[in-house]
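Here's the structure, in structure tokens; my notes come after.
The values are calculated or read from the model by the stated rules, or taken from the named source; none is laboratory data. Nothing here was measured: the structure is a model prediction, and the numbers come from that model. Counting neighbours? That spans all protein chains shown, and the Cβs are built from the backbone with ideal geometry, glycine included. The accessibility values were calculated without ligands, DNA or RNA, using every heavy atom of the protein model including side chains. Shrake-Rupley method; radii C 1.70, N 1.55, O 1.52, S 1.80 Å.
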Amino acid sequence: MRLDAVELRRIRLPLVAPFRTSHGVEDERDILLMRVETSAGEGWGECVAGSDPLYSSEYVDAAEAVLRDHLLPRLFAAELLGGQSVAEVLAPVAGHRMAKAAIEMAVLDAELRGRGQSFASVLGAVRGAVDCGVSVGIQDSIPQLLDVVERFLGHGYRRIKLKIEPGWDVEPVRAVRERFGDVLLQVDANTAYTLADARHLARLDEFDLLLIEQPLPEEQVLAHAALARQLRTPVCLDESIVSAQAVADAIAQGACAIVNIKPGRVGGYLEARRIHDVCAAHGVPVWCGGMLESGLGRAGNVALAALPNFLLPGDTSASDRYFKEDITEPFVLRDGRLEVPSGPGLGVTPIPQVLESVTRRVDLVRSPDAARPVLV
Ligand code: SMG
Ligand code: MG
């Protein structure tokens, strides 16, 4: 398989409502998409890096730069056997997992489309639809939070995740628990606490949460283990888990009972599957996280979430939870689930007119060896 050219496209997708976390507020997504042209055909990838380096050190301008200057030249020069070999070719470049994940996704998509196989079948999916939760950002007031949660429950979401931070934790959780009874409920702190907050966080124990996600900073794996010993609520890691090696270590240290898997954060769908396998071998359930993806990333995530050890509903919400108009056919919630795409590759492609209407910039990067420039 030969990589001939990569189209890097920046799109702007406004969110239907601002999404606030302990890192700040987002009201639109600035997404880097890529379309690869290979000897096996065309494929699509999506980079989940945010506009600013707040969730992680990666951000979208840096992802585009590292792709252009470091990742694509290595891939153009390589003898690619397929999507499987992308990570190996890119291994000499440290970090930049979101950028690597995006290009691996596009190459895999091209390869699988060429072979007529779906992401779901190749990853090892065992279900045709996945249970979906929704992640609820920090709101201005508790009445407003209750309205938002009520609306999402009305749509059929099977689990609610509340973003928390110091000053917005016990009371919002209590209010949602009191109002909505035994709904599946969990919280995500996005690293906003320290181990000194352990006694305060233990006040969440009375609400029977499914889990508390990433309470402490990314590097503090041992501190998560210490915290886990002081909480009844299971600790789930997100930001800390950047690889199969990292998850094996975190589990060995007792730092997590549950793991959030995001393909972008860990360098791609293939590493995501390895993390799934490591967790399964240790009896640690996983669920699929989200990075406010367009329909392209959502298609891959829903396929991943259909693997056997994805035992909790994911942050794989329907397109209309994010965008007025998605760039692909929208993912629609049916009975609290999304259907797993079964067509070749990701099983979805951008709708050309919609894609054009949200595009800010497109650039075609050609392999120096391409016999003739490909016209697009
Ligand atoms: O895709 O529905 C979604 C968002 C889910 O809360 C969500 N993601 O830490 O898990 C997380 C956050 C990170 C995204 S903030 C840009
Ligand atoms: Mg999280």
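Here is how the numbers come out for the structure above:
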| item | result |
| --- | --- |
| Residue-level accessible surface for Ile351, protein heavy atoms, 1.4 Å, Å² | 50 |
| Leu81 versus Asp208: modelled label distance in nm, points set 7 Å from Cα along the beta carbon direction | 5.0 |
| Per residue accessible area of region 120-339, 1.4 Å probe, in Å² | 36 |
| Whole-percent pair-distance distribution, where bins are 10 Å wide, for the alpha carbons of the chain | 5, 25, 35, 24, 9, 2, 0 |
| Alpha-carbon radius of gyration plus Dmax, which is the widest Cα pair, for region 23-102 in Å | 13.5, 43 |
| Neighbourhood net charge (13 Å Cβ-Cβ; Lys/Arg +1, Asp/Glu -1) for Leu201 | -3 |
| Gained length - Asp69 relative to Ala248, 0.36 nm times residue gap less alpha-carbon distance | 61.2 nm |
| Net charge of Cβ neighbours under 9 Å - reference Glu42; Lys, Arg +1; Asp, Glu -1 | 0 |
| Separation of the Glu356 and Ser342 label points, Cα + 7 Å toward Cβ, nm | 3.3 |
| Within region 120-339: Cβ-based charge dipole about Cα centre, in debye rounded to nearest 20 (Lys, Arg +1; Asp, Glu -1) | 400 |
| Percentage of interatomic Cα-Cα distances in region 187-253 larger than 13 Å | 59 |
| Accessible area (Å², 1.4 Å probe, nearest 10) - His23 | 60 |
| Phi to ³J(HN,Hα) by Karplus 6.51 cos²θ - 1.76 cosθ + 1.60 over region 331-339, Hz, x for Gly, Pro | 7, 10, 6, 10, 6, x, 10, 10, 6 |
| Among Ala49, His70, Tyr59 the positive-end extreme of the charge dipole of region 8-74 (Cβ point charges) | His70 |
| Estimated FRET transfer efficiency when R0 is 56 angstrom, pair Glu150-Asp363 (beta carbons, to 0.05) | 0.80 |
| Considering only region 80-189, percent of DSSP beta bridges that pair antiparallel, nearest 5 | 10 |
| Relative contact order (%) - criterion: Cα under 8 Å, at least six apart; region: region 120-339 | 23 |
| Surface share of carbon and sulfur [accessible, 1.4 angstrom probe, percent] for the chain | 50 |
| At R0 = 22 Å, FRET efficiency that the Cβ-Cβ distance of Val16 and Leu184 yields, to 0.05 | 0.40 |
| All-pairs Cα distance distribution in region 120-339, expressed in whole percent, bin size 10 Å | 8, 35, 37, 18, 1 |
| Highest average packing first - 166-172, 240-246, 178-184, 12-18, Cβ atoms within 10 Å | 240-246, 166-172, 12-18, 178-184 |
| Charged-residue dipole, Cβ positions (Lys, Arg, Asp, Glu), the chain about Cα centre, Debye nearest 20 | 500 |
| Listed peptides 49-61, 91-103 by packing density, highest first (mean Cβ within 10 Å) | 91-103, 49-61 |
| Candidates Pro308, Pro341, Pro263, ranked by Gaussian network fluctuation over the chain, Cα under 10 Å, top entry | Pro308 |
